[in-house]
Amino acid sequence: MKKKFFGANWKMNFSSHQAKNYFSTFNSLLQLNQFKNTDVVIFPPMQLLFFAQQLTHEQYCIGAQNFYPGQQGALTGEISSDMLSQDFIEYVIIGHSERRLLLKESDSLVAQKVQWAIANQLSVVFCCGEPLEIREQGKEKEFIKHQLMSALSDINPQFSHRIVVAYEPIWAIGTGKTALLQQIQEMHSFIQTELKSIGLNEQNIRIIYGGSVNAFNATEILSIPNVDGSLVGSASLKPMEFLSIISSLDK
Ligand code: PGA
């Protein structure tokens, strides 16, 4: 059975003081809760990465929300894969819709990042998801297929285990609206088929759902058989709520 995966995407939130309080609460809650067969990764903003790394607990690790696919050099504001790996940061989020839309990351930059990350020993949480108008036109599968093909078709299947695919319909992110259970199940099964069609070992790739997952809807969403976990945004900012989301699957 695939190991489950939960990511806390903190986005642009928290000072070091707030992060310290978070870790202190989360770590003490973990004294009473053991995750079974589950990877848990917290993705703090860049300024907290290495600070957070000092405060982790053995049951989870720290990942990066972004990096630049290149070595060291003249790239103002960026951080490289080497800088992450030197500090034992393994997971990176790539292709999040906020970076694609607001920061204009193109499909080709996203593909370059995935290839670079895999070639440089990182594990990738690759995000895909359609905007509302595409869903309303009934073209969501075509759209997702294009995102998967452009980023993952050149990845050597032997690295499949280092990829997590997060399906995050854009209209469900931060809006309080979640996709219907049937829409999630259908898309996850479509993604699984597409991963197989490009030669990846889909049995080794976790496919997780993201978009307004919270303590109230988690049990329902995570009980869908082909949902292997979740990428959680706003609800992950509350340690108790994030733990309750993880616990709803990790029983
Ligand atoms: P949300 O964010 O849970 O706040 O909708 C999810 C994400 O963007 O990864």
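Every number in this text was worked out from the coordinates using simple rules, so none of it is lab data. It should be emphasised that the depicted structure is a prediction, and the values quoted were computed from it without experimental measurement. A quick note on method: Cβ atoms are made from the backbone with ideal geometry, for glycine too, and the neighbour counts reach across all protein chains shown.
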Taking only the Cα positions of the chain, the convex hull volume per residue in Å³ is 119 Å³
Which of I62, I170, I207 fluctuates most in a GNM of the chain (C-alpha springs under 10 Å)? That residue is I170
FRET efficiency estimate (nearest 0.05) - Cβ-Cβ, K3 to K141, R0 30 angstrom
0.65
What aspartates and glutamates could a cross-link reach from K196, if we take a straight Cα to Cα line under 15 Å and drop same-chain neighbours fewer than 8 places away?
D154
Of all trypsin sites (Lys or Arg not before Pro) in the range 82-163, the ones in DSSP coil with at most 15 other Cβ atoms within 10 Å are K104, K139
What does the extension gain come out to for Q72 and L102, with contour length at 0.36 nm per residue minus their alpha carbon separation?
8.3 nm
Using a 7 Å offset from the Cα along the Cα-to-Cβ direction at both N13 and Q47, what is the distance between the two label points in nm, to one decimal?
1.7 nm
Please identify every one of the chymotrypsin sites (Phe, Trp or Tyr not before Pro) in the range 192-251 that sits in a loop by DSSP and has no more than 16 other beta carbons within 10 Å of its own beta carbon.
F216
Net charge dipole size for the range 1-156 [Lys, Arg +1 and Asp, Glu -1 on Cβ; Debye, nearest 20]:
360 debye
Sum of -39500 (n - 2.57) over DSSP H runs of 4+, divided by residues of the chain (222 nm, nearest 500):
-11000 deg cm²/dmol
Please work out the ratio of the alpha-carbon Rg of the range 1-59 to 2.2 N^0.38 Å and round it to two decimals.
1.17
Mean shadow area of the range 24-162 over all directions, Cα convex hull, nm²:
10.4 nm²
Given 5 Å bins starting at zero, what is the percent of C-alpha pairs of the range 98-204 in each, up to the one with the largest pair distance?
2, 11, 23, 25, 19, 13, 5, 1
